[in-house]
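Visitor: Would you mind keeping the following structure in view while I ask a few things?
The values are calculated or read from the model by the stated rules, or taken from the named source; none is laboratory data. Since this is a predicted model, take the numbers as computed values, not measurements. Backbone-built Cβ (ideal geometry, glycine too); neighbour counts: all protein chains shown. Note: areas computed on protein heavy atoms with side chains; ligands, DNA, RNA excluded. Shrake-Rupley method; radii C 1.70, N 1.55, O 1.52, S 1.80 Å.
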Amino acid sequence: MSRVILKAYLIMDLDYIKRTGIAAAYEGGKVLQSYFGQKPEIRKKGAIDLVTRADTASEKAIIETIRSRFPDHAILAEERGLDTGGYENSRPNRWIVDPLDGTTNFAHELGFFSISIAFEHDGEIVIGVVLNPANGELFAAVKGEGAFLNNRPISVSGATSVGESLLATGFPSDLPPIFRQLQSRFSACLKTAQGIRRFGSAALDLCYLACGRFDGFWEQDLHPWDTAAGLCIAAEAGARITDFSNNSFSLDKDEILATNGHIHEEMITLLTLKDA
């Protein structure tokens with residue numbers, strides 16, 4: 001049994017929390033599958049930032065599943081924001097939920113989207129769960145216990161240079177303010193890498209890094225729900241994760257670089273803006 005000692009000498013069963021996260025992901029997945037391919041009603045949060053009825057319905061199912069077992073935990077979800085459940089002391093235990101990471105893909109009937117659920121205790125992510133309902137791949141990790149894909153252990157790749165690496169990236173919904181930065185960094189990596197993919201789900205990008213499909217991933221202007229679960233899974237698989245300046249990454253930062261570790265220094269160099 002996986003346990004963690006909390007303040008005031010309380011003990012929490014992380015296995016049960018992980019099972020709850022997985023159960024919530026599957027409940028959200030059922031909702032997404034029921035909407036997939038039906039051209040769901042779409043509204044815009046920004047010029048290219050979409051929300052569908054599937055997002056909100058999936059989020060509702062996920063939150064209900066978590067609340068049924070942990071009514072006193074806080075939940076930070078993409079569409080609802082922070083919900084403490086009415087408990088003033090809920091903040092030490094917080095779930096971070098993205099009910100549909102890859103909404104644009106989903107709206108266009110592309111099967112690369114995910115549900116991302118993380119559990120945070122006292123500011124530290126200790127559990128990550130990412131499910132792709134389209135192909136049934138379930139990534140999960142508990143801090144200190146390794147990362148798994150459908151219950152099989154996974155680890156990062158062994159690529160030792162960017163020249164032999166397949167990279168992944170993404171672009172923010174608000175492009176104009178940082179377009180030149182994006183262009184410069186993308187160009188530098190494109191000239192050096194074996195290839196670059198832009199699939200549209202940061203959670204899955206981090207999981208693909210974790211299982212060795214990608215060797216490096218970078219992106220700007222993400223939110224905590226985009227990276228929290230994938231961060232835990234990638235780290236447990238052996239990834240090195242920082243910002244673009246090689247400083248420790250935290251959920252409040254707007255830059256993330258995750259690699260297999262071997263190519264990290266080279267990626268830092270490529271992402272350094274030459275006119276900075």
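Visitor: Within segment 29-60, restricting attention to residues that are among the hydrophobic types (A, V, I, L, M, F, W, C) and open to solvent by 20 Å² or more (accessible area, probe 1.4 Å), which residue is modelled with the lowest pLDDT? Quick ask: steps written out before the conclusion?
Guide: Our first condition is that a residue be among the hydrophobic types (A, V, I, L, M, F, W, C); within segment 29-60, this holds for 31-32, 36, 42, 47-48, 50-51, 54, 57.
So of that shortlist, the ones also open to solvent by 20 Å² or more (accessible area, probe 1.4 Å) come out as 31, 36, 42, 47-48, 50, 57.
Numbers: 31: 95, 36: 90, 42: 55, 47: 43, 48: 38, 50: 43, 57: 92.
Going through the qualifying residues, I end up with 48.
Visitor: Let me ask something else about it. Select from segment 141-163 the residues that are out of contact with any helix residue (DSSP H, G or I) (no Cβ under 9 Å at 6 or more places or on another chain), in a strand (DSSP E or B) and surrounded by 16 or more Cβ atoms within 10 Å (Cβ to Cβ) and list them in ascending order.
Guide: Within segment 141-163, no residue meets the criteria.
Visitor: Got at least one residue in segment 120-140 being closer than 15 Å to residue 76 by Cα, part of a loop (DSSP other than H, G, I, E, B) and touching a residue at least 24 places away in the same chain (Cβ under 8 Å)?
Guide: Within segment 120-140 (the criterion being closer than 15 Å to residue 76 by Cα, part of a loop (DSSP other than H, G, I, E, B) and touching a residue at least 24 places away in the same chain (Cβ under 8 Å)), the answer is yes, since at least one residue qualifies.
Visitor: In this structure, is residue 117 buried (at least 18 other Cβ atoms within 10 Å of the Cβ) and outside any loop (DSSP other than H, G, I, E, B)?
Guide: yes
Visitor: Give the residue that is farthest from residue 237 (Cα to Cα), with candidates limited to residues of segment 253-276 that are in contact (Cβ under 8 Å) with a residue 12 or more places away in the chain and of a type in the set (Val, Ile, Thr).
Guide: Among residues in segment 253-276 that are in contact (Cβ under 8 Å) with a residue 12 or more places away in the chain and of a type in the set (Val, Ile, Thr), the one farthest from residue 237 (Cα to Cα) is 272.
Visitor: So residue 191 ticks every box in (1) without any contact (Cβ under 8 Å) to a residue 60 or more places away in the chain; (2) open to solvent by 20 Å² or more (accessible area, probe 1.4 Å); (3) assigned to a loop (DSSP other than H, G, I, E, B); (4) within 30 Å of residue 274 (Cα to Cα) but one. Which box is left unticked?
Guide: So the condition that residue 191 fails would be (3).
Visitor: Here's something else I'd like to know. Name the residue, out of 26, 16, that is at negative phi, touching a Leu at 6+ places or on another chain (Cβ under 8 Å) and modelled with pLDDT of 95 or more. Working first, answer last.
Guide: Numbers: 16 fails: touching a Leu at 6+ places or on another chain (Cβ under 8 Å).
None of the other options fit; the residue is 26.
Visitor: Counting only residues that are open to solvent by 30 Å² or more (accessible area, probe 1.4 Å) and under 21 Å from the mean Cα position of the chain (by Cα), which one in segment 252-272 is nearest to residue 157 (Cα to Cα)?
Guide: 255
Visitor: Now a separate question. Is there a residue in segment 228-239 that is open to solvent by 10 Å² or more (accessible area, probe 1.4 Å), modelled with pLDDT under 95, among the hydrophobic types (A, V, I, L, M, F, W, C) and in contact with a strand residue (DSSP E or B) (Cβ under 9 Å, 6 or more places away or on another chain)?
Guide: No, that holds for no residue.
Visitor: Scan segment 194-218 residue by residue and report those that are open to solvent by 50 Å² or more (accessible area, probe 1.4 Å) and without any contact (Cβ under 8 Å) to a residue 40 or more places away in the chain.
Guide: 194, 197, 198
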